[in-house]
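**Q** The structure is given below, and queries will be raised subsequently.
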Amino acid sequence: MYTICAKSSFLFMRGLSETRLFTYINYLILAIALQQLAVWWLSPSTLQKIIIVAAQVWFLLNLLLIAFALLNTLTHWTFERNFAGNFPVRGLVQTLKLLLSIGIGIGIVSLMIGQSPLILLSGLGAMTAVLMLVFKDPILGLVAGIQLSANNMLSIGDWLEMGKYNADGAVIDIGLTTVKVKNWDNTITTIPTYALISDSFKNWRSMSESGGRRIKRSVMIDTSTVHFISEEMVQRLTRSPLLSEYIIAKSHELERVNQEADMSLALNGRRLTNLGTFRAYLERYLKNHPKIHQGMTVMVRQLAPTDKGIPIEIYCFSNDVAWVNYEAIQADIFDHIFAVVSEFGLRIYQSPTGYDMRKGLSSRV
């Protein structure tokens, strides 16, 4: 039978051959044979009772081991077939093992004391409070596992972030009492299963499935560098393919607005600013970027000014959700922003450093 299972084309059958199932079955048969031989060959005596009880205990223990082997094979098969991703198979299997162990344990004790299992079960009623305390974590874990599965809240392979437990990585196991998370630094964080129901956590699965990962970062513009752009700058920026259409359309719009205004004073009309033109350039740059998801929000917005300057925020989504690729895309975008900002007469705000202080002093000398 072992050879047939080992050569079978069915994954479940091959899994059975990798366990000690058939060894336990042989032991089970030996226990049955030993009990029958004691009944047939020995006269009723204390020795016969001891041998029969020992054979029955041996039978129950091997029955439990056979059930464990079948459950382990079933668990392995569900993971290989990707059936366990959205279902707490390991937690349910552990629960079944616990229940089977309790049942077999009660049966063994009843055999050894020569009493009916019902007597032991009736006595357990008085110990309910103690049992609830002892098995609190397994019970809470079982309920939590069912809720996680029923609501599709967490699956193996999901990126889970839970700051309370310093967990930030991929879920590698959902057990009866614990959930294991392999963090990005290759450490393992163990979280109580019921904590995922009682506390909040962040699951990044929808981000991975959407095909877009958010980029949300600001650059601080030095307020003192914001000004109206000159005709010379207009002519120069119009040569940019990304800005020519915007500047021409905006210039015509402002010309119509300012037809009756006295333009000898800047306050009397509207003019192009270098900051507004810079925002328009960034919007067009992002909308033409091959690594930006054009089916999602693409926006460049100005936030409220602070003592650090004027925040210009990039809000968009990369079309590659892999971490390394995402960081490369984000860095490439901001490398370009830092390099091109001076073309608009703007400057990125940076707190003065020791180098700036020395440079200022040397320039005065």
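**Q** May I ask you to verify whether Arg239 is closer than 27 Å to Ile329 by Cα and over 36 Å from the mean Cα position of the chain (by Cα)?
**A** yes
**Q** What residue, among those in the range 311-322 that are touching a residue at least 12 places away in the same chain (Cβ under 8 Å) and either open to solvent by 20 Å² or more (accessible area, probe 1.4 Å) or in a helix (DSSP H, G or I) (or both), is nearest to Trp184 (Cα to Cα)? Full working, then the answer.
**A** Let us first name the residues in the range 311-322 that are touching a residue at least 12 places away in the same chain (Cβ under 8 Å), namely 311-321.
Okay, now just the ones that are also either open to solvent by 20 Å² or more (accessible area, probe 1.4 Å) or in a helix (DSSP H, G or I) (or both), so 315, 317, 319-321.
Numbers: Tyr315: 25, Phe317: 22, Asn319: 22, Asp320: 18, Val321: 15 Å.
Among them, the one singled out is Val321.
**Q** Inspect the range 171-183 for any residue being acidic (Asp, Glu) and at pLDDT 90 or above and give the result as yes or no.
**A** No - not one qualifying residue is present in the range 171-183.
**Q** Here is a further query. For the list (1) modelled with pLDDT of 90 or more; (2) in contact with a helix residue (DSSP H, G or I) (Cβ under 9 Å, 6 or more places away or on another chain); (3) open to solvent by less than 90 Å² (accessible area, probe 1.4 Å), I need the number of the one condition that Gly269 fails.
**A** (1)
**Q** Next up: Of all the residues that make up the range 229-257, how many are exposed (fewer than 12 other Cβ atoms within 10 Å of the Cβ) and in contact with an Asp or Glu (Cβ under 9 Å, 6 or more places away or on another chain)?
**A** 0
**Q** Filter the range 42-60 for residues that are open to solvent by 70 Å² or more (accessible area, probe 1.4 Å) and in a helix (DSSP H, G or I); which is nearest to Thr23 (Cα to Cα)? Even if it seems obvious, please write down each step before you answer.
**A** First pass over the range 42-60, keeping only residues open to solvent by 70 Å² or more (accessible area, probe 1.4 Å): 43-44, 46-47, 49-50, 58.
Then keep just the ones that are in a helix (DSSP H, G or I); that gives 46-47, 49-50, 58.
Details: Thr46: 30, Leu47: 27, Lys49: 26, Ile50: 24, Trp58: 13 Å.
Going through the qualifying residues, I end up with Trp58.
**Q** Hey, can you tell me all the residues within the range 153-168 that are small (Gly, Ala, Ser) and either surrounded by fewer than 19 Cβ atoms within 10 Å (Cβ to Cβ) or within 11 Å of Ser200 (Cα to Cα) (or both)?
**A** Answer for the range 153-168, where residues must be small (Gly, Ala, Ser) and either surrounded by fewer than 19 Cβ atoms within 10 Å (Cβ to Cβ) or within 11 Å of Ser200 (Cα to Cα) (or both): Ser155, Gly157, Gly163.
**Q** Here is a further query. State all residues of the range 169-200 that are β-branched (Val, Ile, Thr), free of Cβ contacts under 8 Å to residues at least 40 places away in the same chain and open to solvent by 10 Å² or more (accessible area, probe 1.4 Å); if no residue qualifies, say none.
**A** Within the range 169-200, Ile172, Thr178, Thr187, Ile188, Thr189, Thr190 qualify.
**Q** Say whether the condition of being modelled with pLDDT of 80 or more and either of a type in the set (Asp, Glu) or open to solvent by less than 30 Å² (accessible area, probe 1.4 Å) (or both) is met by at least one residue in the range 73-82.
**A** Among the residues of the range 73-82, at least one is modelled with pLDDT of 80 or more and either of a type in the set (Asp, Glu) or open to solvent by less than 30 Å² (accessible area, probe 1.4 Å) (or both), which makes the answer yes.
**Q** Quick check on this structure: which one of Asn186, Asn166, Asn151 is out of contact with any helix residue (DSSP H, G or I) (no Cβ under 9 Å at 6 or more places or on another chain), of a type in the set (S, T, N, Q) and over 24 Å from Val324 (Cα atoms)?
**A** Asn151
**Q** Which residues, counting only those in the range 201-224, are without any contact (Cβ under 8 Å) to a residue 40 or more places away in the chain and within 27 Å of Leu142 (Cβ to Cβ)?
**A** Result: Ser206, single match.
**Q** Turning to a different aspect of this structure: Output the residues belonging to the range 207-228 that are under 25 Å from Ala331 (Cβ atoms) and open to solvent by 80 Å² or more (accessible area, probe 1.4 Å).
**A** Taking the range 207-228 as the starting set, the residues that turn out to be under 25 Å from Ala331 (Cβ atoms) are 207-222, 225.
Within the range 207-228, Glu209, Arg214, Lys216, Arg217 qualify.
**Q** Moving to a separate point now. Could you give every pair whose Cβ atoms fall below 7 Å, whose first residue belongs to the range 34-54 and is under 20 Å from Ile113 (Cα atoms) and touching a residue at least 40 places away in the same chain (Cβ under 8 Å), and whose second residue is open to solvent by 80 Å² or more (accessible area, probe 1.4 Å) and among the acidic types (Asp, Glu), counting only separations of at least 6 or pairs across chains?
**A** none
**Q** Going by the conditions given, is Ala261 more than 30 Å from Ser206 (Cα to Cα), open to solvent by less than 60 Å² (accessible area, probe 1.4 Å) and at pLDDT below 90?
**A** Values: more than 30 Å from Ser206 (Cα to Cα): yes; open to solvent by less than 60 Å² (accessible area, probe 1.4 Å): yes; at pLDDT below 90: yes.
Answer is yes for this residue.
**Q** Further question on the same structure: Would you please list the contacts, defined by Cβ atoms under 9 Å and residues six or more apart or on different chains, that run from a residue in the range 74-86 that is closer than 19 Å to Asn152 by Cα and part of a loop (DSSP other than H, G, I, E, B) to a residue that is aromatic (Phe, Trp, Tyr) and modelled with pLDDT of 70 or more?
**A** Listed pairs, sorted by first residue: Phe83/Trp77; Gly85/Phe79.
**Q** Which residue is farthest from the chain's Cα centre (by Cα), if the candidates are limited to the range 274-310 and must be open to solvent by less than 10 Å² (accessible area, probe 1.4 Å) and farther than 18 Å from Ser240 by Cβ?
**A** Gly309
**Q** Mind listing just one residue for me: the one in the range 333-354 that is of a type in the set (Val, Ile, Thr) and under 18 Å from Leu237 (Cβ atoms) and, of those, most open to solvent (accessible area, probe 1.4 Å)?
**A** Checked the range 333-354; the qualifying residue most open to solvent (accessible area, probe 1.4 Å) is Val340.
**Q** So, one more: Has the range 134-144 got any residue that is among the aromatic types (Phe, Trp, Tyr) and modelled with pLDDT of 85 or more?
**A** no
The values are calculated or read from the model by the stated rules, or taken from the named source; none is laboratory data. None of these values were measured; they are calculated from a predicted model. Using ideal geometry, Cβ is built from the backbone for each residue, glycine included, and neighbour counts are taken over all protein chains shown. Just so you know, the surface numbers come from the protein's heavy atoms only, side chains and all, with ligands and any DNA or RNA stripped out. Shrake-Rupley method; radii C 1.70, N 1.55, O 1.52, S 1.80 Å.
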